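Have a look at the structure below before the remarks.
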Amino acid sequence: MCRKWGGGALLAVECGSDVSFKGEENIGIYQSSEWAERGFCKQCGSHLFYRLKQNNQYYLPAGIFDNDEGLMFEHQVFIDEKPAYYSFANETKNMTGAELFAQFAPPSSQS
């Protein structure tokens with residue numbers, strides 16, 4: 001979904017759960033899945049965030065920040081679904097979609 005949302009790989013910054021925005025009345029929310037939602041500007045349509053519902057964890061597009069000093073590209077998810085038309089040079093931690101979803105799956109009860 002991220003590739004369809006932004007037209008390519010989503011380069012995002014993990015921002016924790018303590019995130020606030022000026023002009024919150026201009027933010028629209030799209031319920032993109034059972035576990036996450038996406039925020040966008042109602043005025044211009046810009047992508048503002050991806051938020052996990054379970055823990056209110058925010059991921060903001062790297063390009064949204066005026067100062068990107070200190071940002072590091074360290075992690076790729078859905079690597080098993082990456083299209084062949086690009087390849088990043090950085091050495092990163094890579095996770096498949098299944099590995100990522102396993103992190104958010106509720107604990108199974110074994111009888």
Identify all residues within the stretch 3-46 that are among the basic types (Lys, Arg) and at pLDDT below 90; write none if there are none.
-> ARG3, LYS4
Output the number of residues of the stretch 58-67 satisfying the condition of being over 18 Å from GLY8 (Cα atoms) and either loosely packed, with under 11 Cβ neighbours inside 10 Å or among the small types (Gly, Ala, Ser) (or both).
-> 2
Reported set for the stretch 28-57 where residues are surrounded by 14 or more Cβ atoms within 10 Å (Cβ to Cβ) and over 11 Å from the mean Cα position of the chain (by Cα) is SER32, PHE40, CYS41
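Table: residues versus (1) over 18 Å from SER33 (Cα atoms); (2) at pLDDT 90 or above; (3) not assigned by TED's automatic domain parsing to the domain that holds ASP18.
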| residue | (1), (2), (3) |
| --- | --- |
| ARG51 | no, yes, no |
| ILE64 | yes, yes, no |
| ALA84 | yes, yes, yes |
| ASN90 | yes, yes, yes |
| MET95 | yes, yes, yes |
| ALA98 | no, yes, yes |
| SER111 | yes, no, yes |
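The values are calculated or read from the model by the stated rules, or taken from the named source; none is laboratory data. What you see is a predicted model; the values in this text were computed from it and never measured. When we count neighbours, we look across all protein chains shown, and the Cβ atoms used for this are built from the backbone with ideal geometry, even at glycine.
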